[in-house]
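Notes follow once the structure below has been shown.
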Amino acid sequence: MTVGAETGRDLPGLARQAVDAFAESAARGRDRDALMDSAFAALFELYRATTAAERGSPAGQNFNATLAELLVSGNNPARISLYVVRTQTAAENGRHEGYRPACWRRSMLQILGDAFVPWDRFLRPGDLEAVPRIDDALVEVAADASPVSGEEVPAWVPESHWWWWEPARQAQAADVERADSGPLDAVVGE
């Protein structure tokens, strides 16, 4: 990836930070959560700074190949599994104030799989099977979660990350159902 001269973006620097963070996670034995959170944060910064075309460029493909190797090396497979488990736990406990953190975690998994390395190249089979359970949990708890207003949904969130809007969608559906659920008594005139 190259530096965008017109915008001053240091894409090689951001890519290096992401690679370094995942390499550190692969190598270090302690700080499981902090290391993976830092790695996802660095990857997110790169995601925000790049376009799909840049991520698909030869330099982007080289980055993705390096990232794919790191995701399956050292401690990263276990750390990613733990991240998936914690995402599922956050989703299952996502009522009220916990829903938004569950959305963030779910979006980080989606960004990793959609924009960089497909899930089937690094997620363990059990982790792949957990993703639909995470989605089911988000749907299940959304009715009890505080709806996330349009201002609270980060601007970068693509529409395909439906979980951000699920509480509002369910609340709207419930309002429509309540409005339409009464009997339609004919008005009898004398």
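The values are calculated or read from the model by the stated rules, or taken from the named source; none is laboratory data. A quick note: this is a predicted structure, and the numbers were derived from the prediction, not measured. As a convention, Cβ positions derive from the backbone with ideal geometry for all residues, glycine included, and neighbour counts pool all protein chains shown.
Per-structure values
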quantity	calculated
Answer from Val153, Val117, Val157, Val141 - the residue that is in contact with a helix residue (DSSP H, G or I) (Cβ under 7 Å, 6 or more places away or on another chain), under 19 Å from Pro77 (Cβ atoms) and touching a residue at least 12 places away in the same chain (Cβ under 8 Å)	Val117
Residue match in the stretch 148-171 (condition: assigned to a loop (DSSP other than H, G, I, E, B), over 16 Å from the mean Cα position of the chain (by Cα) and among the hydrophobic types (A, V, I, L, M, F, W, C))	no
Residue tally, condition of a type in the set (Gly, Ala, Ser), modelled with pLDDT of 85 or more and closer than 13 Å to Ala171 by Cβ, over the stretch 132-156	2
Of residues in the stretch 44-98 being among the β-branched types (Val, Ile, Thr), surrounded by fewer than 17 Cβ atoms within 10 Å (Cβ to Cβ) and outside any loop (DSSP other than H, G, I, E, B), the one modelled with the highest pLDDT	Thr66
Where a residue in the stretch 59-84 is closer than 17 Å to Asp127 by Cβ and its partner, wherever it lies, is small (Gly, Ala, Ser) and surrounded by 22 or more Cβ atoms within 10 Å (Cβ to Cβ), with Cβ under 7 Å and at least six apart	Asn75/Ser25; Asn76/Ser25; Arg79/Ser25
Residue match in the stretch 6-19 (condition: of a type in the set (Lys, Arg), free of Cβ contacts under 8 Å to residues at least 40 places away in the same chain and more than 19 Å from Pro154 (Cα to Cα))	yes
Unique residue being of a type in the set (Asp, Glu) and surrounded by 14 or more Cβ atoms within 10 Å (Cβ to Cβ) when the list is Glu159, Glu152, Glu129, Glu140	Glu140
The stretch 101-145, subset of a type in the set (Lys, Arg) and over 13 Å from the mean Cα position of the chain (by Cα), residue farthest from Leu46 (Cα to Cα)	Arg133
Index of the failed condition, Gly74 passing every other in (1) farther than 26 Å from Glu152 by Cβ; (2) under 20 Å from the mean Cα position of the chain (by Cα)	(2)
